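The values are calculated or read from the model by the stated rules, or taken from the named source; none is laboratory data. Everything quoted here is computed from the prediction, not taken from an experiment. Positions of Cβ are backbone-derived with ideal geometry, glycine not excepted, and every protein chain shown enters the neighbour counts.
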Amino acid sequence: MAKNIPVLIKGGRILDPGTGRDEVGDILITDGKIAWLGQGGPPLPSRRYNVIDADGMVVCPGFIDMHCHLRQPGFENKETIATGTRAAARGGFTTVCCMPNTSPPLDNRDTINYVKLTAELEGVVRVLPIGCITAGRRGEELVDMAELKSVGVVGFSDDGSPLMNSRLMRAALERSAAYGLPVIDHCEDNNLTRDGQVNEGAASGRTGLKGMPAAAEEIMVARDIILSRLTGGRLHVAHVSTVGSVELIQRAKEMGVNVTAEATPHHLTLNEDIVRTYDTSTKVNPPLRSKKDVAALVQGLKEGVIDVIATDHAPHAGEDKGGFYARAAFGISGLETALGSVLGLVQAGDIDIKTIIARLTSGPAGIIGGGYGGLRVGVVADVTVFDPYREWVVDVTKFASKGRNTPLAGATLHGKVMATFSQGRIVYQDDAMKLVEKVVSD
């Protein structure tokens, strides 16, 4: 695409749950911002334009991923900010919130600034860091949350390391109320899940692998809700995976507790039956649960109990996932397959496309703030164009991510991102997407 030439996205279904817009029309991007959108076409002085024919496609705000692992610093063999943001662009994400379980962890000003600078120099989409709750993610003392807020974190989490100390969790939530930033907890009682590999139930019974009970998640969800109610703090529950967790969050919201929640594409679309293959790409924490749990998550997503679809993108090098199941690392590489996965729910009639887009855009935007996730004249152009009907086969050799660890390898998905604009620049364009430079006049 030629630089400094306006982009005209023509004839797509403009769908923005945040503003309630749903119409077939055009979007004009000029100088990196949305200059016009709607029906009837913008007034176009005679000049060159890059034109995208979006007939039959959906044009929506760029997706926001509240929960992904870019691995840098420290684990660049698994992923880097450069490769991870390119994977995000291929998945339609224009903003990603990176988790702090790096080496060193994101628990101080210097590491946060390192991530921000690297993202500016090497990334292709917006990267918003999430800071640790505790120093070194050790669960022993709180970080300087005021300092981390001052350098731009959008939340606090010890993701991957459950915060077992209730006194510290209470203090973190008290500070979250003061600072207006969420505490994002990995809810797991690791006294119940130690050495666990799969869901406790059919998966553990059929495979002989040690199980991780749903109760381990639900105990911590209940504790955090109680502490959030006590403190008025902002609680966000990461990667919800069980019926009981959905029920607890629903009741908490009904009582006015300041709690939000996310679910991943893999927990919304896959269940424990797939673990019987002993394919290590199915190993994830929390584990893939029962069909009953999956149905509850989808219902929670429909009803707004679950506010956000977040990928928990967890790329690994091949050796991390090789060998025996019990020795393999937890995690699924999910940025590039997220949309195709959840649109399967639309195709099956389980949920509508507006809800899916809302949970990928206005839902997370409402939690992290910053004015992201909307299509309005004058705002920076974060725009995703996707074909909701296009079939494609997942080919991990073509991933932008270093992580090829997905149980969807070789699967046919329905719905594909065709173009992604981040901060006004086209950062991904599918080979089948035609973008033509031509002179257009009113």
- [ ] Give the residues of segment 76-98 that are closer than 13 Å to VAL115 by Cβ and of a type in the set (A, V, I, L, M, F, W, C), sorted by residue number.
- [x] ILE81, ALA82, VAL96, CYS97, CYS98
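Residues being more than 22 Å from ASP16 (Cβ to Cβ), hydrophobic (A, V, I, L, M, F, W, C) and surrounded by 24 or more Cβ atoms within 10 Å (Cβ to Cβ): count how many of those fall in segment 51-77. Give the steps one after another, and end with the answer.
Restricting attention to segment 51-77, the residues satisfying the condition of being more than 22 Å from ASP16 (Cβ to Cβ) are 67-77.
In the following step, the residues that additionally are hydrophobic (A, V, I, L, M, F, W, C) were identified as 68, 70, 75.
Restricting the remaining residues to those that are surrounded by 24 or more Cβ atoms within 10 Å (Cβ to Cβ) gives 68, 70.
Of the residues in that region, 2 qualify.
Could you tell me which of the residues GLY363, GLY403 is at pLDDT 95 or above, touching a strand residue (DSSP E or B) at 6+ places or on another chain (Cβ under 6 Å), over 15 Å from ILE14 (Cα atoms) and not charged (D, E, K, R)? Working first, answer last.
Values: GLY403 fails: touching a strand residue (DSSP E or B) at 6+ places or on another chain (Cβ under 6 Å).
Only one candidate qualifies: GLY363.
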TODO: Of the conditions (1) within 28 Å of MET99 (Cβ to Cβ); (2) surrounded by fewer than 21 Cβ atoms within 10 Å (Cβ to Cβ); (3) acidic (Asp, Glu), ASP350 clears all except one; give me its number.
DONE: (1)
Task: Residue tally, condition over 21 Å from THR337 (Cβ atoms) and touching a Pro at 6+ places or on another chain (Cβ under 9 Å), over segment 272-305 - done: 0
Task: Condition check for GLY18: touching a helix residue (DSSP H, G or I) at 6+ places or on another chain (Cβ under 6 Å) and not acidic (Asp, Glu) - done: yes
Open item on the list: With over 20 Å from HIS186 (Cα atoms), of a type in the set (Val, Ile, Thr) and either surrounded by 18 or more Cβ atoms within 10 Å (Cβ to Cβ) or touching a Cys at 6+ places or on another chain (Cβ under 9 Å) (or both) as the only criterion, which of THR269, THR282, THR277 stands out?
Closed with: THR269
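Conditions tested, residue by residue: (1) more than 26 Å from ASN405 (Cβ to Cβ); (2) of a type outside the set (A, V, I, L, M, F, W, C).
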| site | (1), (2) |
| --- | --- |
| PHE63 | no, no |
| LEU70 | no, no |
| ALA87 | no, no |
| ARG90 | no, yes |
| VAL96 | no, no |
| ASP107 | yes, yes |
| GLY123 | no, yes |
| PRO129 | no, yes |
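Residues that are among the hydroxyl-bearing types (Ser, Thr, Tyr) and modelled with pLDDT under 95: does segment 157-169 have at least one? So that I can check it myself, show each step before the final result.
First, pick out the residues of segment 157-169 that are among the hydroxyl-bearing types (Ser, Thr, Tyr): 157, 161, 166.
So of that shortlist, the ones also modelled with pLDDT under 95 come out as 161.
Looking through segment 157-169, at least one residue is among the hydroxyl-bearing types (Ser, Thr, Tyr) and modelled with pLDDT under 95.
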Task: segment 210-260, residues that are over 17 Å from ASN165 (Cβ atoms) and of a type in the set (Asp, Glu) - done: GLU217, GLU218, GLU247, GLU254
TODO: Might you check whether a residue that is among the hydrophobic types (A, V, I, L, M, F, W, C), without any contact (Cβ under 8 Å) to a residue 12 or more places away in the chain and either in contact with a helix residue (DSSP H, G or I) (Cβ under 9 Å, 6 or more places away or on another chain) or in the same structural domain as THR111 (by TED's automatic domain parsing) (or both) occurs anywhere in segment 167-181?
DONE: yes
Open item on the list: With the structure loaded, tell me whether ARG86 is under 30 Å from PHE156 (Cα atoms) and either modelled with pLDDT under 95 or outside any loop (DSSP other than H, G, I, E, B) (or both) or whether it fails that test.
Closed with: yes
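Name the residue, out of LEU163, LEU121, that is without any contact (Cβ under 8 Å) to a residue 40 or more places away in the chain, in the same structural domain as LYS283 (by TED's automatic domain parsing) and touching a His at 6+ places or on another chain (Cβ under 9 Å).
LEU163
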Task: Subset of segment 381-431 [surrounded by 18 or more Cβ atoms within 10 Å (Cβ to Cβ), under 21 Å from GLY322 (Cα atoms) and either aliphatic (A, V, I, L, M) or over 19 Å from the mean Cα position of the chain (by Cα) (or both)] - done: VAL394, ALA400, LEU408
- [ ] Please list, ordered by first then second residue, the pairs with beta carbon atoms under 6 Å, 6 or more apart or interchain, first in segment 196-211 and free of Cβ contacts under 8 Å to residues at least 24 places away in the same chain, second crowded, with 21+ Cβ neighbours inside 10 Å and not in a loop (DSSP other than H, G, I, E, B).
- [x] GLU200/GLY211; GLU200/MET212; SER204/VAL198; SER204/GLY211
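Mind listing just one residue for me: the one in segment 118-135 that is part of a loop (DSSP other than H, G, I, E, B) and within 19 Å of PRO104 (Cβ to Cβ) and, of those, nearest to the chain's Cα centre (by Cα)? Steps first, answer last, please.
Applying the first criterion (part of a loop (DSSP other than H, G, I, E, B)) to segment 118-135 yields 123-125, 130, 132-133.
Still in the running and within 19 Å of PRO104 (Cβ to Cβ): 130, 132-133.
Details: ILE130: 13, CYS132: 18, ILE133: 20 Å.
Once the filter is applied, the top-ranked residue is ILE130.
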Task: Evaluation of GLN250 against (1) buried (at least 24 other Cβ atoms within 10 Å of the Cβ); (2) free of Cβ contacts under 8 Å to residues at least 60 places away in the same chain; (3) under 29 Å from PHE93 (Cα atoms) (one fails), failing number - done: (1)
